[in-house]
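The values are calculated or read from the model by the stated rules, or taken from the named source; none is laboratory data. Just so you know, these numbers come straight off a predicted model, no measurement behind them. Note: ideal-geometry Cβ built from the backbone for every residue, glycine included; neighbour counts use all protein chains shown. SASA here: full protein model, heavy atoms, side chains in, ligands and nucleic acids out. Shrake-Rupley method; radii C 1.70, N 1.55, O 1.52, S 1.80 Å.
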Amino acid sequence: SVELQQGKATLVCLANKGFPSDWRLSWKVGGSSWSSGVSQSPGLLQKDDGLYSWSSTLTLQEDQWLKNTVTCEATKDSQPPVSQTLRRDQC
């Protein structure tokens, strides 16, 4: 999801129903790894099913959001990453 406020875009990536707890969420902006303005939450154990959920928030300047592709990527060890590109027309 995306929220625009005062020239900034706040993007949230949420991953659900994973196991074990050591998956990591990361961001790519314009195809390059991005760590500035990122806030991560640790994996939270869901009591109902014993699986984990994670979230990561990215704050970008509005023009960076408007002119770049932004992708959230979930990774664990050597497993292939799972990624989702956020599209402005779906926000």
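With protein chains left intact and a 1.4 Å probe, residues in the chain average 65 Å² of accessible area per residue. This model, with +1 at the C-beta of Lys and Arg and -1 at the C-beta of Asp and Glu, gives the range 6-91 a dipole about its Cα centre of some 120 debye.
Spin-label model, Gln46/Gln5: points 7 Å from Cα along the beta carbon direction are separated by 2.7 nm. For Lys47, the lysines whose Cα falls under 20 Å of its own Cα, not counting residues fewer than eight places away in the same chain, are Lys17.
Note on Lys67: aspartates and glutamates with a C-alpha under 15 Å away, same-chain residues under 8 apart excluded, are Asp89. Shown is the FRET efficiency for Asp63 and Gln84, computed with R0 = 22 Å from the Cβ-Cβ distance and rounded to the nearest 0.05: 0.50. In loop segments of the chain as defined by DSSP, the trypsin sites (Lys or Arg not before Pro) with at most 14 further C-beta atoms inside 10 Å of their C-beta are Lys47, Arg87. Dividing the mean sequence gap of close Cα pairs (under 8 Å, 6+ apart) by how many residues the chain holds gives a relative contact order of 33 percent.
Ser53 exposes around 10 Å² of accessible area when a 1.4 Å probe is run over every protein chain in place. May I ask you to give the percent of accessible area on the chain that is carbon plus sulfur, with a probe radius of 1.4 Å? About 48 percent, which is the carbon plus sulfur part of the accessible surface.
Cα gyration tensor of the chain, axes a ≥ b ≥ c as square roots of the eigenvalues: rounded (a/c below 1.5), prolate (a/b > b/c) or oblate? Because a/c hits 1.5 or more and a/b exceeds b/c, the chain counts as prolate. For the range 1-51, the square roots a ≥ b ≥ c of the C-alpha gyration tensor eigenvalues yield an a/c of 1.5 or more together with a/b exceeding b/c, which makes the shape prolate. Simple spin-label estimate for Ser36 and Ser53 gives 3.1 nm between the two label positions (7 Å along the Cα-to-Cβ direction from each Cα).
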